[in-house]
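Scroll down for the structure; my scribbles are underneath it.
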Amino acid sequence: MNMTVQFSKTMTRAIVLLIALFALASICQAQQPTRLSKIEVVGLKRIPPDQVISASELKVGQTVDAGVLDAAATKLMQSGLFKKLTYRVRGTAGQVAVIFEVEEANRSLPVVYENFVWFTDDELEAGIRNDIPFFNGTAPEAGDTTEKITQALQRLLNEKKIPGRVEFMPYTDLARGRQEFVYAVKGVKIPICSLSFPGADAIPEAQLIKTSQPLIQSDYSRKDASVFANYTLFPLYRRLGRLRAEFKAATAEPAPNSSSCVNGVVVAIPVDEGAVYSWAQAEWNGNQALPAAELSTALGMKAGEVADGFKIDAGLKEVRKAYARKGYIALHTREASEFDDSTQKVTYRFAVSEGSQYHMGSLTINGLSPDLTAELKQSWTLASGAVFDESYVDDFRLNALPRFIGTQMQRSLAFRAAAQIDIKPDAQNLTVNVIITFKERSGTQPE
């Protein structure tokens with residue numbers, strides 16, 4: 001005997017019976033009960049077979065009939081683990097095997113526990129597996145597994161009489177480039193009472209704590225602590241050439257109550273400071289208007305010196321200025337770093353997209369009389385149609401414009417003006433229009 005039942009997932013994630021359920025009563029045509037002798041799963045690529053068997057809630061040796069097998073298939077589809085599922089049975093009156101043929105869902109996302117400070121992660125996962133035996137730290141994007149995790153976590157809170165409600169949401173972790181399901185307890189205050197940074201040495205822990213003062217007394221969030229460390233503390237290590245320093249996931253434990261911090265937590269954010277890297281070289285790709293040697297000179301990094309991330313950032317600004325002097329104001333660069341751990345050196349590879357070259361468009365002066373407008377225009381020597389030089393505008397702002405304003409103030413004490421220069425690129429015509437606007441103001445010093 002070999003009978004097949006097929007299920008699939010629609011756009012609404014409902015379970016649809018595609019093939020009418022065969023009358024499986026024949027598997028128990030004899031008087032004795034029909035027992036399940038074997039469970040097979042065909043078509044798996046990522047999911048372990050025991051996880052599927054656990055999700056089906058079938059057990060070898062149990063008594064089965066058509067309803068039991070149909071319910072097992074429905075549970076598997078509702079889990080979100082599969083896009084399609086077919087099952088068939090074979091065997092004799094007393095013993096049958098069920099074979100599930102599946103097509104896995106595209107992916108499952110890691111589950112993150114945001115602020116369950118009353119439990120360890122192991123305790124949380126053990127509690128979830130009581131309700132979802134196949135749980136392995138991830139959850140399918142579709143199906144009801146995410147809601148079952150919510151219910152399991154809420155049960156754990158209720159058992160300990162901890163207030164709050166459990167919510168989850170998808171989250172994109174930009175620092176690590178992955179998506180997650182984040183579960184959090186809402187409706188309860190969990191202030192951070194104190195911080196520690198296990199592993200800190202090159203930067204004293206006291207300095208990291210001082211820099212992290214904005215976290216103190218804020219509500220604890222594992223995600224927020226991680227974001228803060230990556231965006232505020234990691235740059236301190238970049239300055240030291242520790243370009244691969246890494247902050248691990250924060251952990252929190254309930255703190256002793258005090259008048260200054262009630263129902264709070266002590267938070268530890270471990271840090272792996274990594275090695276100090278020195279500069280090997282820069283490699284450039286895609287540059288046409290400027291040679292690699294000129295770009296490396298503008299970058300300003302020398303072989304053998306500490307690969308100071310701040311200096312690298314400042315050097316890239318100089319590279320952009322070098323291009324802007326040639327009219328390339330739409331420059332984009334992408335960088336990739338290659339670390340040689342045997343020598344503790346780093347090579348940076350820069351992919352350059354120069355964009356189009358821009359030329360000087362029109363010069364417009366607002367807020368001056370016609371004669372003063374004409375006088376100021378005589379000081380502007382970047383002709384219409386010439387290659388646009390952004391450094392010329394900067395020099396005019398810092399030198400020619402203050403001289404002009406100073407001269408007018410000497411001529412007339414009534415002259416009180418502040419000037420602003422705006423550049424307006426025209427991508428269609430590849431020109432840059434410059435607008436200088438004067439506004440009256442109180443005081444005697446020009447901007």
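Computed from the coordinates by the stated procedures, all read-outs in this text should not be read as laboratory data. Small disclaimer: the values here were computed from a predicted structure and weren't measured. Ideal geometry is used to build each Cβ from the backbone, glycine not excepted, and the neighbour counts take in all protein chains shown.
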Check your understanding: At Arg334 and Lys424, where each label point lies 7 Å from the Cα along Cα→Cβ, what is the point-to-point distance in nanometres?
Key -> 3.3
Review point. If each residue's Cβ is checked for other Cβ atoms within 10 Å, how do Trp279, Trp380 rank with the fewest at the top?
Key: Trp380, Trp279
**Study point:** Under 5 Å, built H, 5+ apart or other chain: amide partners of Tyr277
**Key:** Arg242, Leu243, Ala307
Review point. Does a label point 7 Å from the Cα of Ala249, set along Cα-to-beta-carbon, have any residues of segment 89-112 with amide nitrogen under 14 Å, and which are they?
Key: 109-112
Study note, to complete from the structure: Expected vector for segment 398-412, Karplus 3J(HN,Hα) from phi with 6.51, -1.76, 1.60 and θ = phi - 60°, integer Hz, x for Gly and Pro, equals 8, 10, 4, 5, x, 5, 4, 5, x, 4, 5, 5, 5, 6, 8
Practice item. Arrange His332, His359 by Cβ neighbour counts within 10 Å, fewest through most, would you? Key: His332, His359
Review point. Quick one: Cα centre-to-centre distance for segment 33-81 and segment 315-391, in angstrom?
Key: 64
**Study point:** Under 20 Å from Lys186, Cα to Cα: aspartates and glutamates that are on another chain or at least 8 residues apart
**Key:** Glu114, Asp121, Glu123, Glu125, Glu147, Glu159, Glu167, Asp219, Asp224, Glu253
Exercise for review: Using DSSP, restrict attention to beta bridges with both residues in the chain and report what percent are antiparallel, rounded to the nearest 5.
Suggested key: 70
Review point. Add -39500 (n - 2.57) for each DSSP H run of 4 or more in the chain, then divide by its residues: what number comes out at 222 nm, to the nearest 500 deg cm²/dmol?
Key: -7500 deg cm²/dmol
Review point. Setting aside same-chain residues fewer than 8 positions from Lys326, which lysines have a Cα under 16 Å from its Cα?
Key: Lys317
Point to revise | Size of electric dipole in the chain: Cβ of Lys, Arg +1 and of Asp, Glu -1, about Cα centre, debye, nearest 20 | key: 580
Study note, to complete from the structure: If amide H atoms are modeled at 1.01 Å from N in the peptide plane, then the residues at a separation of 5 or more from Lys83, or on another chain, having amide H under 5 Å from its own are Glu103, Glu104, Ala105
Review point. Ordered by residue, what ³J(HN,Hα) values in Hz, to whole numbers, does segment 359-373 give under the Karplus form 6.51 cos²θ - 1.76 cosθ + 1.60, where θ = phi - 60° and Gly and Pro are x?
Key: 10, 5, x, 9, 10, 10, 10, 10, x, 10, 5, x, 6, 5, 4
Exercise for review: Can you spot the lysines whose alpha carbon is less than 18 Å from Lys321's alpha carbon? Ignore those fewer than 8 places along the same chain.
Suggested key: Lys311, Lys424
**Study point:** 5 angstrom amide H check on Asp426, placed H, neighbours 5+ away
**Key:** Thr431, Val432, Asn433
Point to revise | ³J(HN,Hα), Karplus 6.51/-1.76/1.60, whole Hz, each residue of segment 269-283, x for Gly, Pro | key: 10, x, 10, 9, 6, x, 8, 8, 9, 9, 7, 8, 6, 10, 10
Revision key, fill the gap. Put in order of increasing Cβ neighbours within 10 Å, starting from the fewest, Met77, Met409, Met169, Met301 give Met169, Met409, Met301, Met77
